[in-house]
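The block underneath contains the structure these notes are about, expressed in structure tokens.
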Protein chains: 2
Amino acid sequence: MAKRPFPLSKVYGLLEPGPVVLLTTVHKGKANVMAMSWHMMLEFEPPRVACIVSSRNFSFDALKATRQCVINIPTAELAAKVVSCGNSSGRRVEKFKAFGLTPVSASLVGAPLIAECYASLECRVIDARMVSRYNLFVLEVLKAWIDPSCKAPRTLHHRGRGVFMVAGETIKLRSKMK
Amino acid sequence: MAKRPFPLSKVYGLLEPGPVVLLTTVHKGKANVMAMSWHMMLEFEPPRVACIVSSRNFSFDALKATRQCVINIPTAELAAKVVSCGNSSGRRVEKFKAFGLTPVSASLVGAPLIAECYASLECRVIDARMVSRYNLFVLEVLKAWIDPSCKAPRTLHHRGRGVFMVAGETIKLRSKMK
């Protein structure tokens, strides 16, 4: 997918629906991918995101040391690869190669975008004070990319134990909400 | 809907997919409801949830003062009421009455369950240290209720400005993930 820059002011609309994302990091020359569902918006603009990366995850040390990552949003076509990422550890598996994911250089961070994902958000850690208590990182999105041809992304939403809800129809209501 | 107790160990599966929820509070004899999308799981068991309640929201003072709330999960049939809750403030509107929502007494907290929602989670605030910086409350779910007849809930997922994705099909993949 050819991605184009996406306005930072619209990023919340990508994450607020709650999709599973693929978090990429790079540390000591080793890129890694983890599946992540525990994230939420913290601020509209600049877009800030809170996420939980367990200290048991291989990505934890990379995120803590480099303070950089990319949040990539996959669609249903990638479901098997998402589960493969979730079922394995970067300690033992070179996931990009093992699962056929294509790393693309980011513009502002060291971690790679994933070509196969329809959207990618380059992020840096702006607050690590809640890491020791909750494994909670506060990220700021520095640059956003999207595949403009993907109008109604069939995102994946994890219900637990490998059961995913796939994004269905869209409805529009008159709203003053942002 | 007649709700039954739901195991706390399974609560994450209700919130992890990222549905819009209706947060209820009660303060100084006044019950209120707000629409909320900025929430995430923090811990499996006991289930802990982080959420953002803006200090501009009427619910903020109630949550801060009482340290109790209920997270109610609506389905698509309630979309118009969800938007009505989001478009109005408890300062001016008695939302339960105005929007035809039915309050039901909770078992462990003062805030009411919403009868029309398929699931309700009674919560208390266990950490308010991130409120001043991020309006972030850490909740612990004390008691969970679900309508057992609602097998594939058509939850609402906000994309911004009144556009909602409605939960679609469910897929199951072989996974070691929780």
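Table for the structure above
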read-out	value
Lysines whose Cα lies under 23 Å from that of B:K172, excluding same-chain neighbours fewer than 8 positions away	A:K81, A:K95, B:K10, B:K151
Relative contact order for region B:69-178, counting Cα pairs under 8 Å that sit 6 or more residues apart, in percent	25 percent
Student exercise, region B:1-100 dipole from Lys, Arg, Asp, Glu Cβ charges, in Debye to nearest 20	460 debye
Cα lying deepest toward the dipole's positive end in the protein assembly as shown, options A:L121, A:S107, B:A62, charges on Cβ	B:A62
Proximal charge balance of B:F96 [Cβ under 11 Å; K/R count +1, D/E count -1]	+2
Region B:18-92: trypsin sites (Lys or Arg not before Pro) falling in loop per DSSP and having at most 10 other Cβ within 10 Å	B:K28, B:R56, B:R91, B:R92
Cβ nearest the rotation axis (A onto B), residue from chain A and distance to the nearest whole Å	A:G18, 1
Relative contact order for region A:113-155, counting Cα pairs under 8 Å that sit 6 or more residues apart, in percent	40 percent
DSSP-loop trypsin sites (Lys or Arg not before Pro) across region B:106-158, with at most 10 other Cβ within 10 angstrom	B:K151
Length-normalised contact order for region A:74-130 - Cα pairs under 8 Å, 6+ apart - percent	28 percent
Positive-end residue, region A:1-51 charge dipole about Cα centroid, Cβ charges, pick of A:N32, A:P5, A:L42	A:N32
Where B meets A: accessible area buried, both sides, 1.4 Å probe, Å²	5200 Å²
Alpha-carbon centroid distance for the pair region A:1-32 / region A:109-165, whole angstrom	4 Å
Nearest-first distances (nm) between copies at B:K151, label 7 Å from Cα via Cβ	3.4
Rg and Dmax of region B:1-123, Cα atoms only, in Å	13.3, 38
Heavy atoms of A:T25 accessible to a 1.4 Å probe, total area in Å² rounded to 10	0 Å²
Whole-number accessible area per residue in Å² for region A:73-172, which is evaluated in the context of all protein chains at 1.4 Å	40 Å²
Cβ-placed point charges (K, R +1; D, E -1), dipole of region B:80-159 about Cα centre in debye, nearest 20	320 debye
Buried on assembly, region A:15-56 (at least 30 Å² less accessible surface than by itself, 1.4 Å probe)	A:E16, A:P17, A:W38, A:M40, A:M41, A:L42, A:I52
Per-copy distances of the B:L108 label point, shortest first, in nm (7 angstrom along Cα→Cβ)	4.2
Estimated 222 nm signal from helices in chain B, with DSSP H stretches of n ≥ 4 weighted -39500 (n - 2.57), rounded to 500	-4000 deg cm²/dmol
Reach of B:K64 by Cα under 18 Å, taken over lysines that are not fewer than 8 positions away in the same chain	B:K28, B:K30
Computed magnitude of the charge dipole of region A:32-178 (debye, nearest 20; Cβ of K, R +1, Cβ of D, E -1)	380 debye
Inter-copy spacing of B:S9 label points, which lie 7 Å from Cα along Cα→Cβ, given in nm from shortest upward	4.9
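The values are calculated or read from the model by the stated rules, or taken from the named source; none is laboratory data. The shown structure was predicted, so the numbers you read here are calculated from the model rather than taken from an experiment. Backbone-built Cβ (ideal geometry, glycine too); neighbour counts: all protein chains shown. Heavy atoms of the whole protein, side chains included, go into the accessibility calculation; ligands, DNA and RNA do not. Shrake-Rupley method; radii C 1.70, N 1.55, O 1.52, S 1.80 Å.
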